[in-house]
Structures are given as C-alpha cells and as structure tokens.
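Please treat every number below as a calculation from the coordinates, not as lab data. Keep in mind it's a predicted model, so treat the numbers as computed, not measured. So basically every Cβ, Gly included, is an ideal-geometry build from the backbone, and we count neighbours across all protein chains shown.
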Amino acid sequence: MPEAPRDVMPNSSHIMPAIVSPDHGAAFEALLHDEDKARDYLLELAWPTGDPFCPRCGHRKVYSLSGERLRCAACKYTFQPFSGRWINNGALNPAEWLRLIVLFVEERSVHQMKEELGLSYNTVYKALTAIRFAILANALDARQLISPATGLDSYLKGNRLTGGPREMRMDTIPVYGILRRDDLVFIDLVPGFQAETLFHFHMNFHLKLIRSGNLVYTDRYKEYDALMFCGNDSLPYEVIRRYDEPPHIDAVHDEFWGYAQSRIKKFRGISCQRFPLYMKELEFRFNNREKPLAEILAAYLCALVPDTD
Ligand SMILES: [Zn+2]
C-alpha cells in the first residue's frame, strides 16, 4: 500500500500533535491566555495543511482581501477564516473559546463559566449550544439527527445557529434508543417512533415505562437496552403504571445509565427539543472518557457545519 505523501501531513512544528504527547495538557494550558497562540492553534485545526480553502466549494486557490477576508478563486465566495464552522457561532475570541472548552470539559455550570470568563449568560449559553451541536455533528448518525425528525434542523439557518425550537407534541416528540456494545454506548434516533408510540406500547403491549420528571424510559426493547424520550407538559403521564420490578437498564446497574442519570438530573428543565444535544454529549463524554476531551472539542468546533438542506 502506498504511503500518504509527506506534504499533506500536518506540519509537526504546529501546536496540535496528531498523537497526544504526555505533556499535551501543559501545551493546551499555554494557549488559554495567549490570544495569538490560541488563534494559530484553531486555524491549524480549520486548515490542517496550513493553506486556507473555500468553506463553500473546497477550492484551494483563495485571494486575501482587506482585513481578514478571503475570496475563493473558483466560486467567488468571500469569507473569514472561521466562516461556515461551528466556532463562527458565538462572540468569543480564540482564547475565550479554549477556556470555555476547558470549563465545559470540567462540567462547570453556566453561571460559573460566565463568572470565570467575564461574559454574559447569553453569550456563554449560545457558545455551549455551538459546542453541543459540534459534538452531535461529529457522530456517525449526525445527518439523521439534524433533521425534521428531531426538530434540531430548526436551530440552523444555512450554516448558522440562528433558529429556534419547534413546538412538539405527543406525535412529534422523537424517541431515542440506548445501545450498549462492550465499553461503548450509542444513543440512536429510533425512526418512526414518537412519544405516542411508547404510550401505545405501554397501554396495549405492557411495555414497561418509567417516568422521572420529563424523562420517560422503557424496559429492554429489541436490540436496545432501553428506549427513552424527554417529554413536556402536554403528555398524559398519569396513564403510566407503577412497577415493583425495575426495568432492565436499572436492574443491571448499567454503567452508562448510572453516569447519565446523575447528569440528566442536573439538566433539570431540559426541553424535549434540546434533549438529543445533551444525550449525544453524554455519549461523547462516556465513549471518550480516557481521552483528552478539550483537544477533541477544539477540533470539532473548527469543523465545517454540514450542509443539511
Ligand atoms: Zn469556493
């Protein structure tokens, strides 16, 4: 098998090592309060070969215009270095983004983040939404998840996070399945299932339903350890019967489920619209628990927003 040509490999003198060295924590730390270094680091993630390219058509011949603007020689699109990327959603400078990522990895509250960074609640909240979308967009099933089936498509206008949530009811609230494979977890959208489907299975086929606030989950179903959805006040929770025996996922003391439940409780007041963002965040944290999350998240944020139209 031919080897990849050397010149397409990232330049080793840049800060982001392909294989993370033992002192990567210190290297990352050094970026947090150095605006220029932080910016170079993020640019390196956006343009791994060091050369800019058009975020719209991928063409590599671009002209520099005044300020930071660039123009594509092929499609004439005028753009900024971070145009069309998740990181373009939010009024943070590069070092602030990296500090926010560290606080996110540490699971700090929005209030703590806003205090630490000296930013407004709304600025932090919007930037966190961009981080969560970037995580979700990197999942294998991203295309399925950023779609009308989940309602997440309504948050995106083109490649910008400027939209808002869509109203959801019993017949539109999506259902997700928890699949365990060895040490990994997968949170899947279950196509064709809505909250209504699970109420129907409960009433007519005795599928066990457990309610905890707005979170409703089931006993084992086909290949899934549990199905679940996050509801809202429009649902008939009163039809859910109580059980003496716990459902499968509680009975086996599933490691992911224990991890997720303690966090879901902290997400009190989470909406059915944003639920998949939080579940994919938990999937990401759990599956990468031995890895340097901050570096991975910085790379996800610098990725292009996928074209979902
Ligand atoms: Zn172009």
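For the reader, a short list of remarks on this structure follows.
- Among the conditions (1) assigned to a helix (DSSP H, G or I); (2) within 26 Å of Leu207 (Cα to Cα); (3) touching a residue at least 24 places away in the same chain (Cβ under 8 Å); (4) of a type outside the set (A, V, I, L, M, F, W, C), Tyr300 misses just one, which is (2).
- Single match in Ile270, Ile264 (criterion: touching a residue at least 40 places away in the same chain (Cβ under 8 Å) and either surrounded by 18 or more Cβ atoms within 10 Å (Cβ to Cβ) or over 30 Å from Gly90 (Cα atoms) (or both)): Ile264
- So Met113, is it away from the ligand (no atom under 16 Å from the Cβ) and touching a residue at least 60 places away in the same chain (Cβ under 8 Å): no
- Residues of the range 273-288 satisfying the condition of being of a type in the set (S, T, N, Q) and buried (at least 21 other Cβ atoms within 10 Å of the Cβ): Gln273
- Those helices (runs of 4 or more DSSP H) of the range 71-180 in which 3 or more residues are under 20 Å from Trp47 (Cα atoms) and in contact with a strand residue (DSSP E or B) (Cβ under 9 Å, 6 or more places away or on another chain) are absent.
- Checklist (1) closer than 28 Å to Asn288 by Cα; (2) surrounded by 18 or more Cβ atoms within 10 Å (Cβ to Cβ) applied to Ile173, failing item: (1)
- Residues in the range 30-39 that are more than 13 Å from Trp97 (Cα to Cα) and within 25 Å of the chain's Cα centre (by Cα): none.
Conditions tested, residue by residue: (1) surrounded by fewer than 17 Cβ atoms within 10 Å (Cβ to Cβ); (2) away from the ligand (no atom under 11 Å from the Cβ).
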residue	(1), (2)
Leu45	no, yes
Gly67	yes, yes
Lys76	yes, no
Gly84	no, no
Ile87	no, yes
Ala91	yes, yes
Arg99	no, yes
Glu106	yes, yes
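- Contacts under 8 angstrom Cβ, first residue in the range 56-73 being closer than 19 Å to Ala303 by Cβ, partner away from the ligand (no atom under 11 Å from the Cβ) and of a type in the set (S, T, N, Q), 6 or more apart: Leu70/Ser64; Leu70/Gln80
- Condition check for Leu31 on (1) surrounded by 14 or more Cβ atoms within 10 Å (Cβ to Cβ); (2) outside any loop (DSSP other than H, G, I, E, B): one failure, at (2).
- Which listed residue, of Ala134, Ala142, is buried (at least 18 other Cβ atoms within 10 Å of the Cβ) and in contact (Cβ under 8 Å) with a residue 40 or more places away in the chain: Ala134
- Matching residues in the range 47-57 - criterion: being surrounded by fewer than 17 Cβ atoms within 10 Å (Cβ to Cβ) and among the charged types (D, E, K, R): Asp51
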